[in-house]
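Okay, structure first, notes after.
Every number in this text was worked out from the coordinates using simple rules, so none of it is lab data. What you see is a predicted model; the values in this text were computed from it and never measured. FYI the Cβ positions are ideal-geometry reconstructions off the backbone, even for glycines, and counts take in every protein chain you see.
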Amino acid sequence: MKTITVWDILTILVLLVAVGLIIVFAQIFINPQVAYNPLPPPTMVPTVGIPTSTPTLKSLPPTWTPPPDEGNKAARTTLRPSQTGPPPNATVHLLYTYTITPTGMPTDAPLPSNTPIVSNTPLPINAASPTSTALSINFATPTKTLLPAMLTSTPTSTSTIVIPPPPVQNTSTPTTTATSTPTTEPTIETPPAVPSIVWKATHEDGDLREWQEHGDFITQGSSAYYSMITSPAHSGNYAVALTIDTEGYSSSGDFAAYLFYWDQLPGDAYYYSAWYFIPPGTQPQDWWNVWQWKSTYNGSTDNSVPMYALDIREKSTGQLSLQLIYRPDIAEKIDYRQNILYVPTDQWFQIEAYYKKGVDNTGQVIVWQDGTEIFNLSSVKTTESDNTVYWSVNHYTDYIIPNPSSIYIDDAAISTERLGPNYTLP
């Protein structure tokens with residue numbers, strides 16, 4: 001029998017220690033947090049539970065037409081900055097006088113020589129012959145899709161023409177030395193002829209059928225609409241309210257309600273007339289287009305351009321004034337400014353204009369406000385190559401106070417003779 005030596009005992013002890021170490025390391029590997037682990041791992045930071053968010057997708061406002069009695073939105077306290085454009089290339093100051101043309105078709109006349117600007121004096125509303133000075137303006141005109149696309153907007157300004165009021169005629173009677181006694185013949189007064197009305201819209205049907213037979217109602221922005229009203233009405237029982245809300249949504253940034261006449265008339269020259277009512281407190285912030293003529297070239301309405309537009313601007317005194325703009329959609333546009341009459345509010349006033357077609361600077365534009373001539377342009381370009389004319393009365397701007405804002409239109413007409421403010425449509 002073999003004797004157990006010291007080396008055998010030591011071998012057994014080494015094996016037992018090795019087995020024990022294996023067991024200890026296995027337990028530490030399985031559970032590093034055991035008490036006898038000499039190098040326990042650091043305590044884990046508690047996991048923060050972050051809730052998942054549900055995004056809210058933005059959507060465009062609906063394109064439905066709100067009812068006329070929808071409540072007003074709160075007026076915004078901070079005004080949007082006015083539009084800016086590229087710096088002007090040149091400023092042209094062409095001053096000329098002109099002669100007021102009575103009833104009948106006006107004739108073209110070359111522009112007279114320049115005359116100096118008369119000093120400015122305060123003007124009452126609808127003054128007969130006040131002094132003329134320049135008014136500041138920055139106007140942009142739309143181009144909105146119309147059959148199928150008729151309108152676009154580029155607010156720039158380069159040229160300015162200031163139109164002074166007509167000269168005061170000398171009413172003194174010259175001294176005569178004739179020795180014979182002239183024979184006095186009785187004066188026979190000829191009654192004025194009834195103007196030939198080509199088209200009219202008195203709105204007495206209580207709808208827009210008079211416009212829709214020759215044009216239509218067109219909008220920009222989801223908030224624009226029209227409504228037939230009984231008060232205020234210029235004559236009869238109905239007028240049209242054109243309403244926009246410049247705090248609503250518009251893909252172009254502009255808001256408009258147009259009444260368009262786009263049928264082509266056989267003649268080259270007509271008188272256009274409409275009555276306006278602007279509520280008190282209406283404040284355009286930059287430009288405000290209320291009237292325009294457009295033309296097309298290449299026979300496509302997609303290529304229509306605004307030729308001349310009437311813009312209403314607010315002066316520093318708070319009074320409103322009409323401006324005439326040639327081609328407001330281009331950098332070379334021309335602003336015709338006047339200080340002859342202010343635009344009244346809270347009462348009806350008439351805008352009447354004579355517009356003669358002219359592709360090669362053979363056209364003419366004359367504008368009267370309540371029977372007083374405020375613009376007269378001869379030998380100017382008024383149509384594009386296809387010699388078409390589209391006319392609209394409208395409520396069109398990028399921002400105006402209040403919101404929503406309404407203006408009222410009544411007794412629109414196209415005729416071959418001047419109607420004047422005292423004529424009542426049949």
Any chance you could run the full-extension gain for Thr5 through Gln283? It's 0.36 nm times the residue separation minus the Cα-Cα distance, nm to one decimal.
88.4 nm
Could you pull out every residue, at least 5 positions away or on a different chain, whose amide H is within less than 5 Å of the one on Asn303? Hs are placed 1.01 Å off N in the peptide plane, and Pro or chain starts have none.
Tyr297
Prolate/oblate/rounded call for segment 325-426, Cα gyration tensor, a/c under 1.5 rounded
oblate
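Provide the gained length on full extension for the span Asn361 to Val198, in nm with one decimal, where the gain is 0.36 nm per separating residue minus the Cα-Cα distance. Mind dumping the intermediate values first?
On the way: separation 163, 0.36 × 163 = 58.68 nm, distance 2.56 nm.
Extra length from Asn361 to Val198 when fully extended: 56.1 nm.
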Return the distance in nm (one decimal) between the two label points of a simple spin-label model at Leu21 and Asp346, each offset 7 Å from Cα along Cα→Cβ.
10.6 nm
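Is the shape of segment 372-426 best called rounded, prolate or oblate, per the rule: a/c under 1.5 gives rounded, else a/b larger than b/c gives prolate, else oblate, with a ≥ b ≥ c the square roots of the Cα gyration tensor eigenvalues?
Numbers: a/c = 1.93, a/b = 1.23, b/c = 1.57.
Oblate, because a/c is 1.5 or more while a/b does not exceed b/c.
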Under-5 Å amide H pairs with Thr362, H placed in peptide plane, nonlocal only:
Val380, Thr382
